[in-house]
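The values are calculated or read from the model by the stated rules, or taken from the named source; none is laboratory data. Because the structure is predicted, anything quoted here is derived from the model rather than measured. In this analysis, Cβ positions are derived from the backbone assuming ideal geometry, glycine residues included, and neighbour counts consider all displayed protein chains.
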Amino acid sequence: MATVIFLLIVAAGFALFLYQTFWRDKLIRRRPFSPAWRGILEKNVPVYQQLEASERVRLEQLIQLFLAEKEFYGCDGLDLTDEIRITIAGQACLLLLGRGWQIYPGLMSVLVYPTAFIAEREVRDEDGTVSYAGHQLLGESWSNGKVILSWDDVTRGGRDFHDGHNVVLHEFAHQLDGLSGATNGAPPLGGSNHDTWAQVFSDNYDDLRARSARGLPTVLDSYGSTNPAEFFAVATEAFYERPSALERVRPDLYAELQRYYRVEPKRWEREYTPPPRSNSAANWPGECD
Ligand SMILES: [Zn+2]
């Protein structure tokens with residue numbers, strides 16, 4: 001009897017999985033994407049217009065799933081609007097464009113503040129005394145299913161998609177990273193080779209730390225030298241927003257990110273002007289900006 005009940009539970013679970021995968025999600029993806037939402041993407045996520053037609057359709061379907069699955073909350077009196085939801089979902093789903101239909105399975109809610117927000121952080125003195133200090137943040141990603149964002153910085157990052165800074169890409173890269181069970185710069189890699197990934201990321205991370213310590217300019221934001229998790233998030237920003245520069249100065253890192261995200265962001269760059277080459281390259285020839 002116990003075996004029959006167990007088999008029934010397994011069958012019910014499988015049926016639910018099939019329903020979600022093949023019917024519920026399919027129906028959500030087929031919902032009409034309104035012209036007003038397209039207008040929001042064109043204004044706040046202009047890279048949307050550079051996507052190929054098939055990519056735009058896929059992005060719109062990913063956005064539908066994102067909106068159906070995740071809760072948005074306005075903080076500090078911010079009234080949530082379609083503009084806020086579509087702009088955030090649109091940028092977050094760019095990271096999923098080349099991947100399956102799973103929409104950040106660890107994420108439940110997105111909290112949005114009007115501007116940069118203050119978060120309290122534990123500070124430990126040399127003698128071990130613990131105190132708390134407020135830090136101004138543009139975004140935060142939590143392993144308990146929350147992403148927190150500053151709306152001001154979401155719009156700024158989306159509208160300038162070529163400066164290498166994008167708080168939505170950054171925080172949602174942390175969400176992908178955390179799918180391995182730990183946010184440590186090593187997301188589940190699927191088809192990528194783990195040894196190659198580890199070697200390439202380790203080499204590039206060490207180089208960024210060395211360059212940051214010496215105050216040398218680099219295509220990657222020096223914040224990526226904080227730890228391997230921040231390195232992955234910062235490298236993701238550069239991969240999407242400055243792909244040609246990243247590929248030119250760090251082709252091995254670019255190739256790993258391309259294998260992981262399965263997209264070619266260089267196609268989306270408009271009127272790209274390559275940065276000047278540097279003469280000061282030491283052990284990382286070609287790094288220039
Ligand atoms: Zn971060």
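Here is how the numbers come out for the structure above:
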| item | result |
| --- | --- |
| Residue satisfying condition, being outside any helix (DSSP H, G or I) and within 16 Å of the ligand (Cβ to nearest atom), within set 208, 216, 220 | 220 |
| Candidates 230, 256, filtered to the one that is within 10 Å of the ligand (Cβ to nearest atom) and of a type outside the set (Val, Ile, Thr) | 230 |
| Segment 44-67, residues that are among the charged types (D, E, K, R) and either surrounded by 15 or more Cβ atoms within 10 Å (Cβ to Cβ) or free of Cβ contacts under 8 Å to residues at least 12 places away in the same chain (or both) | 55, 56, 58, 60 |
| Which numbered condition residue 250 fails, given (1) charged (D, E, K, R); (2) more than 15 Å from the ligand (Cβ to nearest atom); (3) closer than 22 Å to residue 161 by Cα; (4) surrounded by fewer than 23 Cβ atoms within 10 Å (Cβ to Cβ) | (4) |
| When residues of segment 112-144 are limited to those that are crowded, with 17+ Cβ neighbours inside 10 Å and away from the ligand (no atom under 16 Å from the Cβ), the one farthest from residue 50 (Cα to Cα) | 113 |
| Qualifying residues in segment 68-100 (those that are among the charged types (D, E, K, R) and without any contact (Cβ under 8 Å) to a residue 40 or more places away in the chain) - the one nearest to residue 262 (Cα to Cα) | 69 |
| Candidate set: segment 145-166, residues that are surrounded by 18 or more Cβ atoms within 10 Å (Cβ to Cβ) and small (Gly, Ala, Ser); chosen: the one farthest from residue 245 (Cα to Cα) | 150 |
| Number of the exception - residue 260 against (1) modelled with pLDDT of 85 or more; (2) surrounded by 20 or more Cβ atoms within 10 Å (Cβ to Cβ); (3) not in a helix (DSSP H, G or I) | (3) |
| Of residues in segment 145-201 being among the hydroxyl-bearing types (Ser, Thr, Tyr) and in contact (Cβ under 8 Å) with a residue 12 or more places away in the chain, the one farthest from the ligand (Cβ to nearest atom) | 196 |
